[in-house]
Amino acid sequence: MINSNITKRYARAFFDIAGEDNQYEKYYNEMQTVSSLIEANKNLKEFLSNPIFDQSDKKAVVSQILQKVDISHMTENFINLLVDKRRIDILSDIAGSYQELMDGALKKIKVEVKTAFPLKSDLTQQLQKELEDMTGKTVEMAVVEDASLLGGLVVRVGDTYYDGSIKTQLNNIRNLLGEEL
């Protein structure tokens with residue numbers, strides 16, 4: 001719980017700075033780039049999160065990384081602050097919290113659609129438009145095939161699920177028949 005609050009505080013602080021500069025997406029992409037580099041290298045991640053290693057060594061390593069990636073001075077300062085405050089190990093969590101803030105401010109929402117069969121392009125576009133009308137936000141839609149559904153769709157919008165799959169309908173019928181007997 002403490003880590004979650006800390007993560008949100010750092011994300012909010014950097015988000016506010018990004019808002020002042022009107023650079024929400026740019027700063028997010030830069031932060032995500034550095035986070036991905038750290039997450040992709042297990043040894044680097046362990047080095048940065050291990051309290052045994054000296055802060056100056058960590059700062060030197062992060063400085064070398066930052067020189068090799070093309071990021072703004074503001075994002076570089078933020079990453080260095082995280083190293084100084086011994087919070088660099090939660091950068092990916094901060095990026096996740098930042099993305100939630102950014103999506104809210106930019107009125108974007110992520111939607112996952114599971115289907116039994118591939119959707120045609122026009123149907124995908126129609127579904128996306130309907131979801132945008134329903135939510136009032138720009139929809140970033142990911143379509144995943146799941147043959148176990150048998151047919152229909154399962155749509156996840158935030159924490160809400162809309163289940164129109166044949167599998168669920170058959171289970172509901174089975175449960176109703178089981179209650180009748």
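Throughout, read-outs are computed from the coordinates displayed, never taken from laboratory work. Being a predicted model, the structure only gives us computed values, none of them experimental. Cβ coordinates were reconstructed from backbone atoms using ideal geometry, including for glycine residues, and neighbour counts include every protein chain displayed.
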Quiz prompt | Close Lys-Lys pairs in the range 55-181, where close means Cα under 23 Å and separation is 8 or more or interchain | solution = 19
Quiz item: Which residue, chosen from N43, T33, A11, occupies the Cα position most advanced towards the positive end of the dipole of the range 1-79, where the dipole is computed from +1 (Lys, Arg) and -1 (Asp, Glu) charges on Cβ about the Cα centre?
Solution: N43
Self-check item: the range 107-180, dipole about Cα centre (Lys/Arg Cβ +1, Asp/Glu Cβ -1), debye to the nearest 20
Solution: 240 debye
Quiz item: How fast does the range 82-181 diffuse by Stokes-Einstein, in µm²/s, taking the Kirkwood radius from C-alpha pairs at 10 °C and 1.306 mPa s?
Solution: 98 µm²/s
Quiz prompt | 3J(HN,Hα) from dihedral phi, the range 52-68, Karplus parametrisation 6.51/-1.76/1.60, rounded to Hz, x for glycine, proline | solution = 5, 6, 5, 4, 5, 5, 5, 4, 5, 5, 5, 4, 5, 4, 5, 5, 8
Quiz item: Once both axes come from the Cα atoms, what is the angle between helix 166-180 and the longest principal axis of the chain, in degrees from 0 to 90, rounded to 10?
Solution: 60 degrees
Exercise. Rank the residues L48, L81, L177 as a footprinting-exposure proxy: fewest other Cβ atoms within 10 Å of their Cβ go first.
Key: L177, L81, L48
Exercise. Identify the residues of the range 109-126 with backbone N under 11 Å of a label point that sits 7 angstrom from the Cα of V144 along the Cα-to-Cβ direction, or state none.
Key: 112-115
Quiz item: For D122 and N43, what is the calculated FRET efficiency with R₀ set at 35 Å and r taken between the beta-carbons, to the nearest 0.05?
Solution: 0.15
Quiz item: Taking Cα atoms, how many degrees apart are the long axis of helix 121-135 and the longest axis of the chain, rounded to 10 and kept between 0 and 90?
Solution: 80 degrees
Exercise. Could you work out the Rg to Rh ratio of the chain, with Rh taken as the Kirkwood radius (inverse of the mean 1/r over all Cα pairs)?
Key: 1.13
Practice problem: Within 10 Å of each residue's Cβ, count the other Cβ atoms and sort D57, D70 from fewest upward. | Solution: D70, D57
